[in-house]
Structure formats: structure tokens, C-alpha cells
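A.B. asks: Let me give you the structure first, and then I'll get to my questions.
The values are calculated or read from the model by the stated rules, or taken from the named source; none is laboratory data. The shown structure was predicted, so the numbers you read here are calculated from the model rather than taken from an experiment. Backbone-built Cβ (ideal geometry, glycine too); neighbour counts: all protein chains shown. Heads up: the accessible areas ignore ligands, DNA and RNA and are worked out on the full protein's heavy atoms, side chains in. Shrake-Rupley method; radii C 1.70, N 1.55, O 1.52, S 1.80 Å.
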Amino acid sequence: MELRQLLYTLKIAEEKNFSRAADKLHIAQPSLSQQLSKLEQELGVKLFQRNTSTVELTYAGSSFIEHAQKIMDAVAQLRQEMDDISQLRAGRVVVGSMPITGSHLLPYVLPAFKEAYPDIEITLLEDTSLNLEKLTAGGGTDLSLLSLPLQEPTLAYEPIGEEIIDLAVPSNHRLASTEEARTGVKLEQLRDEPFIVLKKGQGFRKLTVDLCRSAGFEPNVVFESNNIETVQSLVAAGMGITLVPRFIARAKRSELIPAYLPLAEPVPSRTLVIAYRKGRYLSKAAEVFIETFKATMEQRNCAL
């Protein structure tokens, strides 16, 4: 059994098609089929059920893929550890980030990291929090900037700070001129308000809904968006209200600025974290990225 056979089998299982798998592996399809046949003959089992258009894993194939993935992960980690031991200055860290949160934090972190470690390459992947969790759990990123709670049980994390949640309302909203605008609005007061929220799959949408439910009501969602900037603009235009992380709420980037009001005690917040797969070896480059992230946030005191 060879490592390349494990790699080939994993790619076939991922693509569910020999032709696509061969293209991704940059080998001829007959060579791919030949290597799989040799492996199946050696093992004495069929790993895939073939038909005219797709291939599906057999029971033995499912078990094989599970163990093959662990072996390939271990090989990758071994190589990374050996690179660290050799004290090579070069390195690469794949960082996942929620787009809006990252756009406010990473411009402070990345320049500081690049100045301290100019030879380490950073690759940035932006996606929804749900997709980032899946990517990180599957090894698609080394680290990801996320917020608690995490849905993926195979992830570990290190907290980088707490971010207060504010209420955003139209500037002419009744609450904007009340005493609560200074002392704090109770979540229960928002029971009958129209809410504008992020679409499903984004962590802050879940946090918003959970906070409302903890206050005893289901939010009346009248509009959804993939972008928190769009959400805030719609609020400013008078279409509803929303909850906003304070660090994002601070920046004024358009003419449509809602009024930001504090929420009453206990003031809700979200915990921002750097997440990675449990048991995954963190390279020195990844470790110093986490350290740089924490240090930069402490220096800027970003209301976290």
C-alpha cells in the first residue's frame, strides 16, 4: 500500500467521479483506475461501487477513507513538524475569517504580523462562520477567526476577546430619544419590533435569535441579508432594527448611519476566538500568528 494510493482513493471519494478525480490529481484516468484496482486486489475488498456516471463508497470503502484521511493528516503533520525542527524561516498559514469581522480586525493584525515575520505567507479565506467551521474541521484552514458558540465539536479554540453587542435603530426611532438610549435598552422592549438580520449560516444571526429567545420572544424577521453593512443601511433607512457587534458599529462608512444604543444589564457580548481542529499540530507560524493577533488586539484595546 502506497501513500499515493491513499491520496488517489481520497480524491475519488471526494469527486465521486474517476474523470474529475484524475483531472484534479493531474494523472491519466487509466492510471488512476489501475492504481485503485491494485489497491483493491491487495486489500481483498471493493472500495467503490461503480456505475455509468458516478462512484459510491462501499461499506469497506467508508472505513478505508476514514483511516486513510487520518494517515494523510499524520503525514502532513509530520512534514510540518520536520520543517519546524529544521528552523526554516519560510512558512505558510491559511487563515479563515468571517468577512465583516475580518475586515475590521485583520487590517491591524496582518501588517503587524508581516513586519515581524516577513517570510511567512498568509493565505486568507473568507466565508460564513458555518462554512468556516466545516473548512477548519476538514483541514481547509489552519486557523479561523470565529465567534462562540461553535457548532463543530471537533474544533478547539483560543479566545481573543469579548465584544459588546449594541442595538441599532433608525435615528428617528422612539427608543433613540428615551432614557434607555443612555442607560440601556432591555431586550424585552424589542418584542414587537421588525428585525433585519443576517441570513442563516452566519454565527451572528444565531446569536441575535438566541438573545431574543432568552428574552422570551421570537424575533419578527422582516428582511435578511448576507452583509452586516447592508443590514445597518436598511436599519438606517427605517426598515427595522438589529443587533450589531460594537466594533463593527463604530465605523461610519456611508451616509446611512443608524443610531446605536446600549443594551441593558446583563449587557450581551460575543466571544471572538481563533479556532483550529482538535489534535491538529499547530506549526510555529500558526502559533506566532495567534500570539500576534492577541497582542495586536490588546494594544489597540478594540473594545474587546
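A.B. asks: Quick one: which of Leu143, Leu135, Leu130 is under 14 Å from Val95 (Cβ atoms), out of contact with any helix residue (DSSP H, G or I) (no Cβ under 7 Å at 6 or more places or on another chain) and either aliphatic (A, V, I, L, M) or surrounded by 19 or more Cβ atoms within 10 Å (Cβ to Cβ) (or both)?
C.D. replies: When all the criteria are applied, what remains is Leu135.
A.B. asks: So Leu3 clears everything in (1) over 30 Å from Arg92 (Cα atoms); (2) open to solvent by 50 Å² or more (accessible area, probe 1.4 Å) except one condition, right? Which one?
C.D. replies: Among (1) over 30 Å from Arg92 (Cα atoms); (2) open to solvent by 50 Å² or more (accessible area, probe 1.4 Å), the lone unmet condition for Leu3 is (1).
A.B. asks: In the list Phe204, Phe217, Phe195, which residue meets the criterion of being under 22 Å from Leu105 (Cβ atoms) and among the hydrophobic types (A, V, I, L, M, F, W, C)?
C.D. replies: On inspection, the qualifying residue turns out to be Phe204.
A.B. asks: Considering every residue within the range 96-116, establish whether at least one is in the same structural domain as Ala285 (by the TED database), among the acidic types (Asp, Glu) and in contact (Cβ under 8 Å) with a residue 24 or more places away in the chain.
C.D. replies: no
A.B. asks: What's the number of the only condition in (1) farther than 19 Å from Gly201 by Cα; (2) open to solvent by 30 Å² or more (accessible area, probe 1.4 Å); (3) assigned by the TED database to the domain that holds Lys294; (4) not basic (Lys, Arg) that Ser177 fails to meet?
C.D. replies: Answer for Ser177: the failing condition is (3).
A.B. asks: Give me the residue from the range 44-65 that is farther than 11 Å from Lys16 by Cα and outside any helix (DSSP H, G or I) and, out of that set, least open to solvent (accessible area, probe 1.4 Å).
C.D. replies: That would be Leu47.
A.B. asks: Here's a follow-up. Identify, by number, the condition in (1) open to solvent by 60 Å² or more (accessible area, probe 1.4 Å); (2) in contact with a Ser or Thr (Cβ under 9 Å, 6 or more places away or on another chain); (3) outside any helix (DSSP H, G or I) that Glu224 doesn't meet.
C.D. replies: Tallying (1) open to solvent by 60 Å² or more (accessible area, probe 1.4 Å); (2) in contact with a Ser or Thr (Cβ under 9 Å, 6 or more places away or on another chain); (3) outside any helix (DSSP H, G or I), Glu224 fails exactly one: (2).
A.B. asks: Closer than 20 Å to Leu3 by Cβ and either modelled with pLDDT of 90 or more or open to solvent by 50 Å² or more (accessible area, probe 1.4 Å) (or both), is that true of Leu78?
C.D. replies: For Leu78, the condition - closer than 20 Å to Leu3 by Cβ and either modelled with pLDDT of 90 or more or open to solvent by 50 Å² or more (accessible area, probe 1.4 Å) (or both) - is met.
A.B. asks: Answer with yes or no whether Glu193 is under 30 Å from Lys134 (Cα atoms) and either touching a helix residue (DSSP H, G or I) at 6+ places or on another chain (Cβ under 7 Å) or not assigned by the TED database to the domain that holds Leu150 (or both).
C.D. replies: When the stated conditions are applied, Glu193 does not pass them.
A.B. asks: Would you confirm whether any residue within the range 265-276 is under 16 Å from Ser171 (Cβ atoms) and either free of Cβ contacts under 8 Å to residues at least 12 places away in the same chain or open to solvent by 50 Å² or more (accessible area, probe 1.4 Å) (or both)?
C.D. replies: no
A.B. asks: Next question, about the same structure. Only one of (1) closer than 22 Å to Glu126 by Cα; (2) assigned to a helix (DSSP H, G or I); (3) among the aliphatic types (A, V, I, L, M) is not met by Val244, so which one is it?
C.D. replies: (2)
A.B. asks: Read through the list (1) over 27 Å from the mean Cα position of the chain (by Cα); (2) open to solvent by less than 40 Å² (accessible area, probe 1.4 Å); (3) more than 30 Å from Phe289 (Cβ to Cβ); (4) in contact (Cβ under 8 Å) with a residue 40 or more places away in the chain, then give the number of the only condition that Gln35 fails.
C.D. replies: The single condition Gln35 does not satisfy is (4).
A.B. asks: Among residues belonging to the range 153-164 that are among the hydrophobic types (A, V, I, L, M, F, W, C) and either in contact with a helix residue (DSSP H, G or I) (Cβ under 7 Å, 6 or more places away or on another chain) or open to solvent by 60 Å² or more (accessible area, probe 1.4 Å) (or both), point out the one that is nearest to Pro245 (Cα to Cα).
C.D. replies: Ile164
A.B. asks: It is to be established whether one or more residues within the range 230-237 are touching a residue at least 40 places away in the same chain (Cβ under 8 Å), closer than 15 Å to Leu263 by Cα and buried (at least 19 other Cβ atoms within 10 Å of the Cβ).
C.D. replies: No - not one qualifying residue is present in the range 230-237.
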